[in-house]
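Structure record follows, encoded as structure tokens.
The values are calculated or read from the model by the stated rules, or taken from the named source; none is laboratory data. As the structure is a prediction and not an experimental result, all values here were calculated from the model. Cβ atoms come from the backbone with ideal geometry, glycine included; neighbour counts cover every protein chain shown.
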Amino acid sequence: MIKGFIKKLSALTAAVCMISISAGCSSTNSNSDGKTSAKEAEKSKALVFTENVTDTADGYDYELWKDNGDTTFTVEPGGGNFSCAWSNINNALFRRGKKYDCTQTYDEMGNISIDYGVDYQPDGNSYMCVYGWTREPLIEYYIVESWGTWRPPGAPMALGTVKVDGAVYDIYKTTRVEQPSIDDIQTFDQYWSVRQEKPKPNGTKIEGTISVSKHFDAWKKCGLELGKMYEVALNIEGYQSQGKATIYKNELRVEGTYAEADDIEVDVDNDAIAKMNSVDNSTPEEVGYFEIGFEKGVENWITRGGPLVTVDKENAFAGKQCLAVSGRTDNWNGAAIMLSSDTYKPGEAYSFKAKVMQNSGEEVTMKMTMQYNMDGEKYDEVALAPAKSGEWITLENPAYVIPEGAEKLQLYIESPDSLTDFYVDEVSGGAKQD
């Protein structure tokens with residue numbers, strides 16, 4: 001079970017008393033009535049949530065979003081502070097900052113920065129970051145200050161670096177295909193700045209400043225253009241993990257007239273940008289029965305987790321081309337194809353088959369997996385086989401049954417015990433084989 005960070009009633013009472021003393025009043029003051037005192041007391045209470053919520057308090061917007069699992073989100077009175085805890089989750093975000101009306105770009109707003117102080121105790125995959133969205137274009141962005149066991153975002157290459165606020169951050173772009181967004185299910189880009197090294201903590205506490213606008217300036221130099229501002233927030237995110245955090249300082253400032261930063265150092269990798277721009281990030285079609293040899297291109301196959309998914313003309317099993325998956329930074333990274341719910345029905349059996357080859361120099365495991373939605377993302381093994389280096393193998397299941405209740409099906413190929421690049425060819429999905 002998770003443990004929240006709810007303050008004891010005695011601490012809240014003491015806080016209320018201190019506010020009354022500093023204001024030069026008390027509960028018996030002749031200038032206040034019972035109703036006013038009750039309202040002031042209510043404002044000084046922490047707000048505790050365990051399910052999704054979006055609201056405003058003390059000049060700061062706040063939001064808890066999760067797809068499932070156990071969460072506690074405590075919004076503290078008097079500013080931007082909050083605490084959170086999570087366990088048994090797939091994905092959860094706890095954040096507090098400001099939401100805007102999407103009428104201004106960041107450079108029309110002023111100079112944006114956040115001073116933070118966080119007691120951060122993740123157990124597994126988690127980010128402590130500045131987070132937000134823009135529209136026109138729809139962009140989800142992260143400025144990652146610290147993380148748990150896995151350094152995001154899993155992209156195969158950085159587009160550049162920026163030195164700002166005394167630290168060096170790598171700059172990345174990733175794409176989310178048909179995933180939840182502020183505008184329902186969409187395909188959209190994510191922009192990232194990720195510190196190369198975590199800030200040095202004092203125990204579990206970290207403090208500092210994140211000059212948000214300066215990161216945006218650096219992204220622009222790498223060709224990453226933001227839209228009109230929807231949100232800037234200090235965020236704690238957990239993914240298939242558990243943990244807790246207390247944000248005891250969260251001061252969001254939008255000050256003065258914007259001026260492009262002249263005190264940052266940006267190193268742009270033009271070769272990486274050219275390679276990233278060569279990848280087709282358009283929304284793929286959901287497919288019915290298919291037989292794909294990649295002679296016409298990637299044919300609706302997409303990246304899973306950020307590696308490059310491209311056509312290769314040197315290693316085909318048959319024909320002139322195959323699919324290449326390169327730049328994997330975690331075992332679950334791979335290539336995926338979206339399956340049509342009009343063809344593939346829960347509870348029914350289908351045949352899936354693919355030729356796969358890797359050149360790591362050693363034997364690794366190759367795996368075909370079905371990802372689907374049912375109270376969050378779920379994963380089911382379709383086929384598994386050892387693969388010797390340099391040899392094509394077959395991943396096959398002639399009668400795989402789609403789980404009951406499954407939605408948003410994606411078939412993907414990965415290597416669960418290796419980060420090797422690999423190749424895919426002659427892949428198919430069809431009726432059950434007898």
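Quick notes
- Flag for GLU426 being within 17 Å of ALA335 (Cα to Cα) and either surrounded by 14 or more Cβ atoms within 10 Å (Cβ to Cβ) or not hydroxyl-bearing (Ser, Thr, Tyr) (or both): yes
- Looking across the range 159-188 at every residue that is assigned to a strand (DSSP E or B) and among the acidic types (Asp, Glu), the one that is surrounded by the fewest Cβ atoms within 10 Å (Cβ to Cβ) is identified as ASP184.
- Among the residues of the range 239-281, those that are of a type in the set (Ser, Thr, Tyr) and either touching a strand residue (DSSP E or B) at 6+ places or on another chain (Cβ under 6 Å) or buried (at least 17 other Cβ atoms within 10 Å of the Cβ) (or both) comprise TYR239, SER241, THR246, TYR248, TYR258.
- Scope the range 351-369; condition over 21 Å from PHE294 (Cβ atoms) and not polar (S, T, N, Q); matching residues: GLY361, GLU362, GLU363, VAL364
- PHE94, sole failed condition from (1) under 12 Å from MET229 (Cβ atoms); (2) in contact with a Leu (Cβ under 6 Å, 6 or more places away or on another chain): (1)
- Look at (1) part of a loop (DSSP other than H, G, I, E, B); (2) of a type in the set (Gly, Ala, Ser); (3) touching a Gly at 6+ places or on another chain (Cβ under 7 Å) and you find that ALA316 fails only one, number (3).
- Test: GLU285 is surrounded by 17 or more Cβ atoms within 10 Å (Cβ to Cβ), acidic (Asp, Glu) and outside any strand (DSSP E or B): no
- Residues in the range 350-396 that are in contact with a Pro (Cβ under 9 Å, 6 or more places away or on another chain), polar (S, T, N, Q), closer than 14 Å to SER415 by Cα and buried (at least 17 other Cβ atoms within 10 Å of the Cβ): THR369 alone.
- Boolean, TYR131 is modelled with pLDDT of 95 or more, of a type in the set (Ser, Thr, Tyr) and touching a helix residue (DSSP H, G or I) at 6+ places or on another chain (Cβ under 9 Å): no
- Condition met for TYR258 (among the aromatic types (Phe, Trp, Tyr), in contact (Cβ under 8 Å) with a residue 24 or more places away in the chain and either assigned to a strand (DSSP E or B) or touching a Lys or Arg at 6+ places or on another chain (Cβ under 8 Å) (or both)): no
- Cβ-Cβ under 7 Å pairs, at least 6 apart or on other chains, the range 108-120 side outside any strand (DSSP E or B), far side crowded, with 22+ Cβ neighbours inside 10 Å and modelled with pLDDT of 95 or more: MET109/MET229
- Residue check, GLU299 surrounded by 15 or more Cβ atoms within 10 Å (Cβ to Cβ) and without any contact (Cβ under 8 Å) to a residue 24 or more places away in the chain: yes
- Exactly one residue among GLY148, GLY80, GLY154 is touching a residue at least 12 places away in the same chain (Cβ under 8 Å) and closer than 28 Å to GLY256 by Cβ, and that residue is GLY80.
- Of all residues making up the range 144-158, the number that are among the small types (Gly, Ala, Ser) and in a strand (DSSP E or B): 1
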